[in-house]
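Heads up: the structure comes next, in structure tokens.
The values are calculated or read from the model by the stated rules, or taken from the named source; none is laboratory data. Not measured: the values here are computed from a predicted model. FYI the Cβ positions are ideal-geometry reconstructions off the backbone, even for glycines, and counts take in every protein chain you see.
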């Protein structure tokens, strides 16, 4: 504690992390992992692939999904099922996630939750891309785009356009088809001042133009 | 085991200014997006503020920063023992962060913990500074 004051009913306590020896990381407990698995949707299976505890995380995600289903917590169910799918994908399983994500899609529709439905399409597209089903991946990205346009969720739309543009340009060798999407993403970034997406949008567009120029 | 305090909000801001005479505390320039010049790096100085109450005695609180797509990766843990003088007393908890590692752009969570219990969370989006308007 580096300073502070006290009054009749309050006390100020101040710390400065430069004055405190940092503590080593503490492993997350099962209950903390359960909370994360039912509240925060993972999206990056590559990032998770090197974790040594994937089996444990998969088991907890499945438990959380069952618990959420039992209590009728559809949001928790969607999150846990989605995480289970991403964790399986991180383990190199490209079949299991499709079944789980089909279930997530059904729950998203049951809950009439378009935002979660669009996220399901994005997760499905990632699995399809990893399997090499690129046309299906493009279709799923397009489905997500439609939802984001309808909801006027511009930031999500830009991210979806960037994903579909990258698929077309980099994986399918169709930079000419990708460029209008990436130009739209860039235009939206500037119009809506989404400055945090400017770098990625500019980079994707320049890359596609470079591929087209040969 | 000691009862954990009630957290009346967890805030990230540029500065917390206290007036000892009046007892007023001002939380200045609250934000939820932080531009950083390069990665990996150390975050520019900022504050974590929380109002805490309904606890007694000295409680070991940790402020923990996590990141990664999954928030499973802990990048900074600061032990901050706080003395509570009575259950009705409000503790204005202020931690100035000057040594918080920021390995990459993305989402971070700031969690106030007591004995493994999560008391409050706050998220922060870290972006490349050159993406911000001048």
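Residues that are touching a residue at least 40 places away in the same chain (Cβ under 8 Å) and assigned to a loop (DSSP other than H, G, I, E, B) were ranked within segment B:1-30; the one that is surrounded by the most Cβ atoms within 10 Å (Cβ to Cβ) is B:5.
When you look at residue B:75, is it surrounded by 20 or more Cβ atoms within 10 Å (Cβ to Cβ), in contact with a strand residue (DSSP E or B) (Cβ under 7 Å, 6 or more places away or on another chain) and either within 25 Å of residue B:5 (Cα to Cα) or modelled with pLDDT of 95 or more (or both), yes or no? Considered against the rule, which asks whether it is surrounded by 20 or more Cβ atoms within 10 Å (Cβ to Cβ), in contact with a strand residue (DSSP E or B) (Cβ under 7 Å, 6 or more places away or on another chain) and either within 25 Å of residue B:5 (Cα to Cα) or modelled with pLDDT of 95 or more (or both), residue B:75 comes out as no. Using the structure shown, decide if residue A:28 is within 11 Å of chain B (Cβ to nearest Cβ), within 21 Å of residue B:118 (Cα to Cα), in contact with a helix residue (DSSP H, G or I) (Cβ under 8 Å, 6 or more places away or on another chain) and surrounded by 15 or more Cβ atoms within 10 Å (Cβ to Cβ). In short, yes. Restricting A:47, A:34, A:51 to residues that are within 14 Å of chain B (Cβ to nearest Cβ), buried (at least 16 other Cβ atoms within 10 Å of the Cβ) and part of a loop (DSSP other than H, G, I, E, B) narrows the list to A:51.
If you go through segment B:31-47 one residue at a time, do you hit one that is at the interface with another protein chain (Cβ under 10 Å from one of its Cβ atoms), in contact with a helix residue (DSSP H, G or I) (Cβ under 8 Å, 6 or more places away or on another chain) and loosely packed, with under 15 Cβ neighbours inside 10 Å? Yes: segment B:31-47 contains one or more residues that are at the interface with another protein chain (Cβ under 10 Å from one of its Cβ atoms), in contact with a helix residue (DSSP H, G or I) (Cβ under 8 Å, 6 or more places away or on another chain) and loosely packed, with under 15 Cβ neighbours inside 10 Å. Does segment B:40-69 hold any residues that are touching a residue at least 40 places away in the same chain (Cβ under 8 Å), on the phi < 0 side of the Ramachandran plot and assigned to a loop (DSSP other than H, G, I, E, B), and which are they? Of everything in segment B:40-69, those that are touching a residue at least 40 places away in the same chain (Cβ under 8 Å), on the phi < 0 side of the Ramachandran plot and assigned to a loop (DSSP other than H, G, I, E, B) turn out to be B:40, B:43, B:45, B:55, B:56.
Do you know which residues across segment A:169-207 are in a loop (DSSP other than H, G, I, E, B), within 10 Å of chain B (Cβ to nearest Cβ) and free of Cβ contacts under 8 Å to residues at least 12 places away in the same chain? Step through it out loud before you land on a result.
Residues of segment A:169-207 in a loop (DSSP other than H, G, I, E, B): A:172-174, A:192-194.
Next, only the ones that are within 10 Å of chain B (Cβ to nearest Cβ) stay: A:193-194.
Answer for segment A:169-207, where residues must be in a loop (DSSP other than H, G, I, E, B), within 10 Å of chain B (Cβ to nearest Cβ) and free of Cβ contacts under 8 Å to residues at least 12 places away in the same chain: just A:193.
With respect to the conditions (1) more than 8 Å from chain A (Cβ to nearest Cβ); (2) outside any loop (DSSP other than H, G, I, E, B), residue B:77 falls short on a single one, namely (1). Output the number of residues of segment B:94-116 satisfying the condition of being facing another protein chain (nearest Cβ under 9 Å) and either closer than 18 Å to residue A:34 by Cα or assigned to a loop (DSSP other than H, G, I, E, B) (or both). Within segment B:94-116, residues that are facing another protein chain (nearest Cβ under 9 Å) and either closer than 18 Å to residue A:34 by Cα or assigned to a loop (DSSP other than H, G, I, E, B) (or both) number 7.
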